[in-house]
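For reference, the structure discussed in these notes is given below.
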Amino acid sequence: MKRVRSNDAANPVLIFWIIAGLVGFCLLPWYGIEDFFQFEWLTDGYPFDDDYAPGAFLIAQGQKLWLAPFLVPLLMPLLVLRRAKTDPIYSKILILAGALGFGWLIIQGFSIGIRGWNFSWMEAAFGELDDRQFGMGYGALICASSFLFIFTQGIAARGAINGDVFVVSSIGGVVVIVTAFVFFPIAKMLTAAFITQDGGYSLAVFASKFFDDRLWGLGCLSGGRCGVAWNSLFLAVMVGFLTTVLGLFFALIVTRSGFRYKKVLRALTVLPVITPPFVIGLALILLFGLSGTVTVFFADLFGVQPTRWLYGLPGVLIAQTLAFTPIAFLVLIGVVEGVSPSMEEAAQTLRASKWQVFKTVSLPLMRPGLANAFLLGFIESMADFGNPLVLGGNFDVLSTEIFFAIVGAQYDQGKAAVLAMVLLSFTLGAFYAQRFWLGKKSYTTVSGKGDSGVHPHMPSALSVPVLMIALGWAAFTIVVYLMIFYGSVVELWGVNNTLTLKHYGTAFSVRFDDEGIRWTGAAWNSFWTTLQIAGIAAPLTAIVGLITAYLLTRQTFAGKNAFEFGTMLSFAIPGTVIGVSYILAFNVPPIEITGTGIILVVSFIFRNMPVGVRAGIASMSQLDKSLDESSLTLGANSWQTFRRVILPLLRPAILAALVYSFVRAMTAISAVIFLVSAEYDMATSYIIGRVENNDYGLAIAYSTTLIFVMLSVVLAMQLIVGRINIGRRAANGSGEKT
Amino acid sequence: MSINAKAAPVSFRNVTKIYGKDVVAVDSINLEIEAGKLVTLLGPSGCGKTTTLRMIAGLEIASKGKIYIGDQDVTLLPATDRDVSMVFQSYALFPHMSVIENVSYGLTFSGFEKSETRDRAHQGLELVGLKGYGDRLPSELSGGQQQRVAVARALVLEPQVLLFDEPLSNLDAKLRRQVREDIRDIQQNLGLTVVYVTHDQEEALAVSDEIVVMRNAGIAQVGAPRELYDAPADRFVADFIGEANIIPCEITDVQGETAQITIGTLKHQLPARGMVPGPANLAVRPTRFKLGAADGLAMQVEKATYVGSRMEYTLATSFGEVFVVSEDVDAPLAIGDTVAVGLDSIGPVLLAANENP
Amino acid sequence: MKTNTKIRVTFGATALALMTATNAAYADKLTFYCSAQEDWCQLMANSFQDATGIEVAMTRKSSGETFAQIKAESSNPRGDVWWGGTGDPHLQAAEEGLTAEYISPMREQLHPWAISQAESADNKTIGIYSGALGFGYNSDLLAANGLSTPACWKDLLKPEFKGHVQMANPNSSGTAYTTLATMVQLFGEDDGFDFMAGLHANINQYTKSGSAPIKAAGRGENTIGIVFLHDAVKQAVSGFPVEPVAPCEGTGYEIGSMSIIDGARNMDSAKAFYDWALSTDAQNLALQVNAFQVPSNMNAETSPSAPDMSQIKLIDYDFRTYGSSETRQRLLKKWDDEVSILPQ
């Protein structure tokens, strides 16, 4: 009953991409157009106008003749349309066509720019070019996709990855976009580390910057100050450890205790994630700063001078732990829930006490989660920029140093590049340490068989201190957030404590008149832009992240480790570096997207994708592989398997990825500072402008509003994702096993 | 019954599977599986039988050689595109779908209308005796029921080849017999081509039309159950299929098809199987000894066990221990007794002498 | 390429105008990079749009960030005009050829310091406002700690102020570099560095951002912050207990600047903005926002709250020398090697 497609009919996927390529080349404008979706270009000289013409029309008019060679790879696949997949010619032709098309796209894109030849040696070799080209548009984009996927179909037909077109195409797609939007800009930025003052390249420049005592000094061991690198490393390890422990505590309370207010606790852990930068820092200053409420109270109580103890390592550590514990929690909750109850029950029946069960079975099975949570905390701390800026005092870290190397009085991009490399190597180290720790053990706990056990409660020796610490932390979080809310309804934070709603009025006033609602508040513009960008970026991030996680856990292919690292890379690099590198890379053809909303969306996708990847990996490594295999043998292809079997079982991971990427897009600042434009201003950048201008009330009122907006969006997402898939009901089902 | 078979033969031509750089899981095997037959891949852990099965399914792609299903070369075809279904050891039921959703799963990818999908799924469930269980979740079923859902899920696709990967290993002994009979019945009623992996020789003997015994990534012997049991090709097969006592002997003379052998003082005649005079091994099933034979070898009883339908003895001889089963439960031998043991006229088989087990 | 884009834009805009009959104001555009405070930037953008009908797209970033952006975009400039922010990055941009030369007809209305700023950069930038360096203190904290009121630079060296003074790191902040350069010009290079070294002992934190010390003082997190006086005045006007001090020895100052970006896509609009921004009307807009700098147009009004420049002893700040990257790097390296490593 199953038709075996390769024999009798032409492959529909191949036909689709051939047609797509031709549409891209013959119908859609080849070059980028401002405001494409307003479709003014359709009535404005299309298809003959140079700016709006599709590639085919350009060539026909004798223009941009370097586009002509694309016809060959576009038409070549037609030769094998009727051939069987297993025919060696089929794969050869497709690979050749894809490689030629994609290769030529890259070569011409980088060779010919807005000023003719991009390289002087080309001008010398081919003579002056009396033409130029702008950034690629939708026509070129679709052609590029067509070439790529024709290429991957060829590779698949050769038998790579069991001949699986979806998997090969996914790998190809992820590799290409990660290369384009992570490796390419970062490489462009990092080469600055080797550039001398007069524009040449030199290793010595790199060495002198790299071996700077300010970077590696060990003065703190003898009472002085340590290098920035050591500061960052120490801080990141501490934060990674603390957030993992606290995240685990929260996860344990939610899954394995009889605590009555789990839901409240769970909601509370979400708060710090949805808080715009600087706000936690400001609240901490009002509590613990030199004139902070708590500091003054204790100073009066004990009759001592208040100190600036908060500024430096303690403040940054507290703020980062507060901010990143929820991330650890989101990663761990899936894993802690995922540990098969029957394993724990089995251990109990083997005479292990509750404590021993926890120590010898539950905890080791949570290892992938713990490792991932630590890694995320570590990397977040390394790349965090807002908290060290506000609370760092004289405790310098790499991320702020990078920022000020670029925007400070020294304008030293080379130094920023060197510091970024150091930061990157730490992240790389943490990444490999994690892999080493996890080793080759299997942590699969969800098999194809129904599992009907119940998670045992924590041993009381554990639950009491866990609950105490978690509740203490929760109380602290509540106080911090009350302070923030309070700050938004007083006249002048810390000085004039008259209650007022004027800050909300300034930011979010609306007026009703004949034309309907008029958004008169100062913040509306950036608010809508932010919602829009975050709303577009979140699902894309989740999709790319989960597909990548699927490839990493479920498929084996050459270069998998490098692939995995590549997908983690953008997360490990501070946003500042990403921001500048994006401007360097995407301000000129072939990819010309600065000043658009696209560059913001793209930067969010690749900044936040690693969280989706990590969450997906942690959850997927607990799903037995026979589930996918049985789906495959039942005739589902790997895309259908991914969608119908794996995705529904990954609800916690999907939610984590969606929520996280949405929220991060709303609250990110460091990369955004460079990428916002007049048309696309983001909330955080607006808020920081306000803080700089002493409008603390407005800034905090805006932040508070964002917190509430994000909270409701997060809850809505939880509802939607929860409703589509009723979840792993098996874990709650009551059945018998043999 | 509208579930029909489109049974097709499977053919392996010089198929090799190498994992990584140098782990050879399957080494250049040739195998023909006839349409409509139940063929078992039998062998110890790590012999390559599961890899062979997964290559039929398309879950592994052969490193070398060709695989055909029917007359189509499927060597490079992925699992999705092969008309093959598989029942997994762990059943691999999707925990987030109800029983009926599980059974319909494959049908939704085969271009059936919704109503037909539903009808077929219900027929499939009925076929395995689970009518009315459609709305349950897999976790609400017993192990045997889960197993049968997995079978129904594979069956409704009417695959050219149906694969079973140790399907009974998670079931209790009584259920095992019943399920394996059910599988055999369905296979014969529908005329399915079934490839079945197990490491349990009794299971293999019970269900198979043909058994493929595998060892160290290769095929040791292929044959009908009776053939393998009665005429094992070598010591490994003899030992793996049923139990066999391997006794060193001497071929003294070969006349045509018949060989004359001696074991100590015992003389015996049996088919020569192309062997020439000289040292050899004799494989003897525990039931093929004659206790109290007149010209038998003297052996001493070391252990005697009563297992209801028969007696099991371990006897000490000059060449080691032999394991003997006797139907006589009324006058059992006692430990320490000496007994003269002879050989049945049919049953014992000659094997080459210096072969490594 | 610039012309092409412009043609594209104009062409498209004309077509749109014909189609939808919107007003002609759409015909011209200006991409405006602003490095002053947010509300001032908004006001400038809106007022210019009202005055000329040119559509303004404004992006506000600090001067360092804007400089980094202009530099990154230099091969395909996006911005047209850059207004506001301390003069050093503007001078740096001029030195690196990122900004374009332009001589405005409005020049004769400007203070001499604004023109000298332009001349020191081959007319690639011009002064739009100035502000004197000084410091501010939190009067509450000063009283609580029983400290005397500082009036001069040298007062800050007193041991009683140990742990009470904050300034920005000259490596990251233009304000702090101006402080360093001022001390070198005020006391001579050797004595200037001695002063910085003495000050170092009393510093509780070198902040990253130039105005952070006085903001910390406003919130009660710090006692004395070395900043531009208009920043201190702003804290006081915002309601924080901050007192600005113009040091008795005299002090340096910054010149907030404006530049046209080299290769601007809308060069005519940029020039129109440039001329407009130097006019009395445009400069008087500062009065509507809390901006306490001194405007460069001689006829423009200065806020009554602003520090009275006539009462402040200003040194003759040599922008050409101390704004050059050569001198800057030398002084910063010297500060790094000789001051920042001292024990505190």
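What you get for region C:173-284, charging only the Cβ of Lys and Arg (+1) and of Asp and Glu (-1), is a dipole of about 520 debye around the Cα centre. For chain A, the membrane-span-like helix rule (DSSP H, alpha carbon extent of at least 30 Å along the helix axis, mean Kyte-Doolittle at least 0.5) picks out A:88-111, A:228-256, A:313-338, A:413-438, A:460-488, A:524-554, A:597-620, A:696-724; this says nothing about an actual membrane.
The calculated FRET efficiency for A:VAL264 paired with B:ILE18, based on their beta-carbon distance and R0 = 56 Å, is about 0.50. Rg and Dmax over the alpha-carbon atoms of region B:243-351 stand at 14.2, 43 Å. Rounded if a/c is under 1.5, else prolate if a/b beats b/c, else oblate: with a ≥ b ≥ c from the C-alpha gyration tensor eigenvalues square-rooted, which is chain A? Since a/c reaches 1.5 but b/c is at least a/b, the shape of chain A is classed as oblate.
Spatially, region C:64-81 and region B:312-357 are offset by 96 Å when compared through their Cα centroids. Within chain C, DSSP assigns beta bridges of which about 60% are antiparallel (rounded to the nearest 5). Each of A:ASN561, A:ILE687, B:VAL151 was placed along the dipole of the protein assembly as shown (beta-carbon charges, centred on the mean Cα), and the one lying farthest toward the positive end is B:VAL151.
Only the Cβ atoms of Lys and Arg (+1) and of Asp and Glu (-1) were treated as charged; on that basis the dipole of region B:10-235 about its Cα centre amounts to roughly 380 debye.
For region A:7-81, the share of alpha carbon pairs falling in successive 5 Å distance bins from zero is 3, 16, 23, 19, 15, 12, 8, 3, 2, 0 percent. Rounded to the nearest 10 degrees, the inclination of helix B:173-190 to the longest alpha-carbon principal axis of chain B is 60 degrees. Packing here is the average count of other Cβ atoms within 10 Å per residue, and on that basis the peptides A:314-321, C:265-272, B:303-310, highest first, run A:314-321, C:265-272, B:303-310. Working from label points 7 Å from Cα in the Cα-to-Cβ sense, the C:ASP336 to B:VAL307 distance is 8.5 nm. When the alpha-carbon atoms of the protein assembly as shown are used, the pair Rg, Dmax equals 39.7, 139 angstrom. The mean number of Cβ atoms from other chains found within 10 Å of a Cβ in peptide A:400-407 is 5, as a whole number. In chain B, if the dipole is taken from +1 on Lys/Arg beta carbons and -1 on Asp/Glu beta carbons about the Cα centre, which of B:GLY320, B:ALA233, B:GLY296 is farthest to the positive end? After comparing all options, I get B:ALA233.
Long hydrophobic helices in chain C: the complete DSSP H runs spanning 18 Å or more by Cα along their own axis with mean Kyte-Doolittle hydropathy of at least -1.0 are C:2-20, C:38-52, C:174-187, C:189-202. For the cross-link pairs A:LYS64/C:LYS271; A:LYS359/B:LYS174; A:LYS85/B:LYS114; A:LYS560/B:LYS66; A:LYS85/B:LYS64; C:LYS215/C:LYS333, the ones whose C-alpha atoms lie over 26 Å apart are A:LYS64/C:LYS271; A:LYS359/B:LYS174; A:LYS85/B:LYS114; A:LYS560/B:LYS66; C:LYS215/C:LYS333. Candidates B:ALA204, A:LEU551, C:ALA197 compared by Cα position along the dipole of the protein assembly as shown: farthest toward the positive end lies B:ALA204, with charges placed on Cβ. Taking Cα centre as origin and charging only the Cβ of basic (Lys, Arg, +1) and acidic (Asp, Glu, -1) residues, the dipole magnitude of region C:60-158 rounds to 280 debye.
A straight line joining the Cα centroids of region B:170-193 and region B:67-93 runs 21 Å. Taken residue by residue and averaged, Cβ atoms of other chains lying within 10 Å of the Cβ of C:169-176 number 4. Near B:ASP344: Cβ cut-off under 11 Å, other residues only, Lys/Arg at +1 and Asp/Glu at -1. The net charge is +3.
Each principal axis of the Cα cloud of region B:10-235 was taken in turn, and the coordinate range along them, longest first, works out to 50, 38, 30 Å.
Peptide A:387-394 shows a mean partner chain C-beta count of 3 within 10 Å per residue C-beta.
In whole angstrom, how far apart do the alpha carbon centroids of region A:63-112 and region C:303-344 sit? Comparing the Cα centres of region A:63-112 and region C:303-344, I get a distance of 61 Å.
The packing ranking, built from the mean of other Cβ atoms within 10 Å per residue, places the peptides A:187-193, A:560-566 in the order A:187-193, A:560-566, highest first. For the peptides B:324-331, A:577-584, A:242-249, the ranking by packing is A:577-584, A:242-249, B:324-331, with the highest mean count of neighbouring Cβ atoms within 10 Å listed first. By the Cβ distance rule (another cysteine Cβ under 4.7 Å), the unpaired cysteines of chain A are A:CYS26, A:CYS143.
The numbers here are math on the coordinates, done by the rules we state, and not lab data. Everything numeric here is computed off the predicted structure, so don't read it as measured data. Neighbour counts are summed over all protein chains in view; Cβ atoms, including those assigned to glycine, are modelled from backbone coordinates with ideal geometry.
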